[in-house]
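Below is one structure, written out as structure tokens, with a few remarks after it.
The values are calculated or read from the model by the stated rules, or taken from the named source; none is laboratory data. Predicted model, so just to flag it, every value in this text is computed and none were measured. Here Cβ is always computed from backbone atoms with ideal geometry, including for glycine, and neighbour counts include all displayed protein chains. Surface accessibility is based on the protein's heavy atoms, side chains included, excluding ligands, DNA and RNA. Shrake-Rupley method; radii C 1.70, N 1.55, O 1.52, S 1.80 Å.
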Amino acid sequence: GLPNHSQLLAKLGLSLARFQADENQGFAVLFLDLDRFKVVNDTLGHDAGDVLLKALAERIKLAVRDTDTVARMGGDEFMLVLPEGSGRDASLAVIRNVMAAIAAPLMIQSHEFHLTCSMGVAAYPNDGDNADTLAKHADIAMYKAKELGRNSYQFYTAAMSARTLERLEMEADLHHALARDEFVL
């Protein structure tokens, strides 16, 4: 019952156009990933996982403001666009509401689940000036939250992108070193 990826990008494009006209305005993009959701699918099956996702989607919609947009990106990932204020206080209020909504116990097939989520936040215009960049930066921040132990959130910083690029380069270097037989025991 949520907008999909393309619908969200269209709505994000509208927010960008609206806020580019007023340079004093901003908005935030949140990337949300459920922590350890795979356990649900692995233990009860994908049908139960789908029921759980629908229930969580409803909870998330109820936890945000009327002006906010919630979309399912795929799997257990959601994206939120918060058009009314990209300040930390406004974002934090929504983040706390969403995290509390997800953390409340959920019964599926007589099994009680206690789920958590990790979120990343990117703010326009500081963290990007287009939909793809904002989504990418919110995603990078979300992975940082997971890396720091899950059940948390992180605001994007440029250092996160630098670290991601550094890891990508290291991975490529390792593959080349392996192909060139450059490892020595």
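Computed quantities for the displayed model
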quantity: Hits in the stretch 128-144 - residues which are under 19 Å from Ala71 (Cβ atoms), open to solvent by 30 Å² or more (accessible area, probe 1.4 Å) and part of a loop (DSSP other than H, G, I, E, B); calculated: Asn130
quantity: Residue match in the stretch 151-160 (condition: open to solvent by less than 100 Å² (accessible area, probe 1.4 Å), touching a residue at least 24 places away in the same chain (Cβ under 8 Å), of a type in the set (S, T, N, Q) and in a helix (DSSP H, G or I)); calculated: no
quantity: Residues that are touching a helix residue (DSSP H, G or I) at 6+ places or on another chain (Cβ under 8 Å) and at pLDDT below 85, drawn from the stretch 153-182; calculated: Ser161, Thr164
quantity: Of all residues making up the stretch 113-172, the number that are within 24 Å of Asp42 (Cα to Cα) and of a type in the set (A, V, I, L, M); calculated: 4
quantity: Single residue of Val70, Val39, Val81 found to be in a helix (DSSP H, G or I) and either modelled with pLDDT of 90 or more or hydrophobic (A, V, I, L, M, F, W, C) (or both); calculated: Val39
quantity: Whichever residue in the stretch 108-118 is in a strand (DSSP E or B) and touching a residue at least 40 places away in the same chain (Cβ under 8 Å) and, among such residues, is surrounded by the most Cβ atoms within 10 Å (Cβ to Cβ); calculated: Cys117
quantity: From the options Leu56, Leu62, residue that is surrounded by fewer than 19 Cβ atoms within 10 Å (Cβ to Cβ), among the aliphatic types (A, V, I, L, M) and either more than 17 Å from Ser6 (Cα to Cα) or modelled with pLDDT under 90 (or both); calculated: Leu62
quantity: Tally of residues being at positive phi and under 19 Å from the mean Cα position of the chain (by Cα) across the stretch 27-57; calculated: 1
quantity: Residue tally, condition open to solvent by less than 10 Å² (accessible area, probe 1.4 Å) and within 18 Å of Lys54 (Cβ to Cβ), over the stretch 91-107; calculated: 2
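One line per residue, one yes/no per condition, for (1) small (Gly, Ala, Ser); (2) under 15 Å from Asp76 (Cβ atoms); (3) part of a loop (DSSP other than H, G, I, E, B):
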{"position": "Ala100", "(1), (2), (3)": "yes, no, no"}
{"position": "Gly120", "(1), (2), (3)": "yes, yes, no"}
{"position": "Ala123", "(1), (2), (3)": "yes, no, no"}
{"position": "Lys146", "(1), (2), (3)": "no, yes, no"}
